[in-house]
1. Asp37 to Lys296: FRET efficiency via 1/(1 + (r/R0)^6), r the Cβ-Cβ distance, R0 41 Å, to the nearest 0.05?
2. Quickly work out the Lys307-to-Thr192 label distance, labels modelled 7 Å from Cα along the C-beta direction, and quote it in nm with one decimal.
3. What size of dipole, in debye to the nearest 20, comes out for region 335-445 about its Cα centre when the only charges are +1 on Lys and Arg C-beta atoms and -1 on Asp and Glu C-beta atoms?
4. At His208 and Lys117, where each label point lies 7 Å from the Cα along Cα→Cβ, what is the point-to-point distance in nanometres?
5. Relative to the compact-globule scaling 2.2 N^0.38 Å, provide the ratio for the alpha-carbon radius of gyration of region 339-394.
6. For each pair in Lys125/Lys320; Lys66/Lys180; Lys36/Lys307, compute the distance between the two Cα atoms and list the pairs where it is over 21 Å.
7. Using Cβ counts within 10 Å as a stand-in for footprinting exposure, how do Ser409, Ser182, Ser281 rank, fewest first?
8. Going by amide H atoms built from the backbone, whose H comes under 5 Å of the H on Cys78, apart from near neighbours?
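Here, each number is a calculation from the coordinates, and none is a lab measurement. Bear in mind the structure is a predicted one, so any value in this text is a computation, not a measurement. Glycine gets a Cβ as well: all are built from the backbone with ideal geometry, and neighbour counts include every protein chain shown.
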Amino acid sequence: MRVVTGLSVLVLGAGGIGHAVVTGLETGIDRVDPFKDMKNRPRAGHGMNLLLVGTDGRDRITPEEKEKYRLGGAPCNCTDTVMLVHLSADKERASVVSLPRDSYAQVPEHKDLTTGKTHSAHPVKLNAAYAEGGPGLTVRTVEHMTGVKIDHYLEVDFTGFMRTVDTLGGVQICTARPLKDSYSGLDLAAGTHELNGGQALQFVRSRHVDGASDLGRMQRQQKFLASLIKQATSSGVLLNPVKFQDVASTMLGSVRADRGFGTEQMLELGQAMRGFSPASSEFASVPLQDVAFPVKGIGSTVKWDEKKAEKLFRALRDDKPLAPRRPAERHPEAVPVGVAPQRVRVQVYNGTPREGLGRRADDALHATGFDTTRTPLNGEPGERERTLITYDPRWDRSAKSLAEALPGSELRAVTGQGSTMRVTVGTDFAKVRPVRAEDPERGEFGTVTGDQVACR
């Protein structure tokens, strides 16, 4: 997330600022060589692919900031965020795919940066590849997992993220419900907020807001990025040479990039993203098969759905949109409910052996307005006949709104589940009934395209 923030600021401004300014800024970039001695790489596709990595470095954050924003722990020297960004060859689309940091991964043979020992290929969580082999092993591991050839590598830490947001003057986000996390210190009421750098860091780091953990955090990171893009492209601040230089020099003070990412590449990206808007961006997370896949010696990992993940990454390789755009549908016959669907967070599970049923239900709920995770999972083995909705009793009104959209479903209270509703789809599922709030309330921006960032 921190990397995407800095990169967005840089490339959006580069096209309008000019060669001389960008050339001067390039000297501030710390260089790495993640592609050194790499062999048997995937074939190049169309467009440009960037691996954007956020680390938990916090050496230059003041003691006061560490205390205020709960940053006092020791850094793990690992990747906190990993995103694969594809810029289309026609210069009209950016696709952002979040890779869960706890993803089950196989790292290739390599030399350990800490001990100097050579390790044979072995399983790890994705974020551990950086700790063992730095940017080079991270790139090799991601290429092996996705089949996508990485053209450029960019990395930034907590400090760069905070300072960049502050230099921009903050970023506006809106939340449909209160968000509170005692671990990160995040505490936001429902509504619109102008976040400074430290608050923005809390927003994108929080993992204990709901039952979705890292998956929910990736959704918030994508939403923050969409809001940032909207603000950057609509404010005109990036066409101001003085302001641009302040923002870019702040970000570049803590960024690391491959040696091939220089002046010409910055200008090329700037040209590609002239006229870029939130509607030009699309966001996705890797389809998952198991969010608690046990691995001996490693613990619980996140296992990808290989078939669906391959389809996703093939779209990147072939330079195609991740999802077709469909016009919004109007539902004058929508049933009135007490809580707007945009305020109801939903995780869908497929409770049957029917392949694709979970995805169909997630798509239908999302199209009706519900804030689904967009990563349906498999339920317990067997075949459930009746669709089940489990919910925390504290969110009973949200559960009732969801039940109206799934007539005939079973409601079951589960104390301590959190704010995320869980829908286990049964064989009785046919369609989702449209619903609307009796009293229109502000909702969250969506996560599929960047033009859904405004509060409703």
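1. 0.85
2. 4.5
3. 80
4. 3.4
5. Normalised by 2.2 N^0.38 Å, the Cα Rg of region 339-394 equals 1.14.
6. Violating the 21 Å limit, Cα to Cα: Lys125/Lys320; Lys36/Lys307.
7. Taking fewest neighbouring Cβ atoms as first place, the list is Ser182, Ser409, Ser281.
8. It is Asp56, by chain and number.
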